[in-house]
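What follows is a set of notes on a single structure, which appears directly below.
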Amino acid sequence: MSEMNAILEPGMIVRLVDKPEWGDGQVQSNIGGKITVNFREEGKVVMNAAHVILEIVTF
């Protein structure tokens, strides 16, 4: 898992770099290398943290 993904906590807003069309998403959980995010345009997605790049959205 990348260091960035390791710091993600429930409630944080993120964007999946490879799928910007999914919009912003809220982290639901980050357990054992699996990150669940509820994206605005795609819905709830469970991802392997070792294979995705999520960036934190700041306002």
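The values are calculated or read from the model by the stated rules, or taken from the named source; none is laboratory data. Everything numeric here is computed off the predicted structure, so don't read it as measured data. In this analysis, Cβ positions are derived from the backbone assuming ideal geometry, glycine residues included, and neighbour counts consider all displayed protein chains.
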Inset, instruction - Residue by residue through the stretch 1-16, note down the ones that are touching a residue at least 40 places away in the same chain (Cβ under 8 Å), part of a helix (DSSP H, G or I) and surrounded by fewer than 16 Cβ atoms within 10 Å (Cβ to Cβ). - result: M4, A6
Inset, instruction - Return the total of residues in the stretch 29-59 being surrounded by 15 or more Cβ atoms within 10 Å (Cβ to Cβ) and of a type outside the set (V, I, T). - result: 5
Inset, instruction - Considering only the stretch 17-59, state which residues are in a strand (DSSP E or B) and either touching an Asp or Glu at 6+ places or on another chain (Cβ under 8 Å) or of a type in the set (D, E, K, R) (or both). - result: G25, V27, N30, K34, F39, K44, E55
Inset, instruction - For G25, indicate whether it is closer than 21 Å to E3 by Cβ and either modelled with pLDDT of 95 or more or acidic (D, E) (or both). - result: yes
Legend entry - Pairs, first of a type in the set (S, T, Y) in the stretch 31-45, second surrounded by 13 or more Cβ atoms within 10 Å (Cβ to Cβ) and outside any loop (DSSP other than H, G, I, E, B), C-beta under 9 Å, six or more apart: T36/V27; T36/Q28; T36/S29; T36/N30; T36/V45; T36/M47
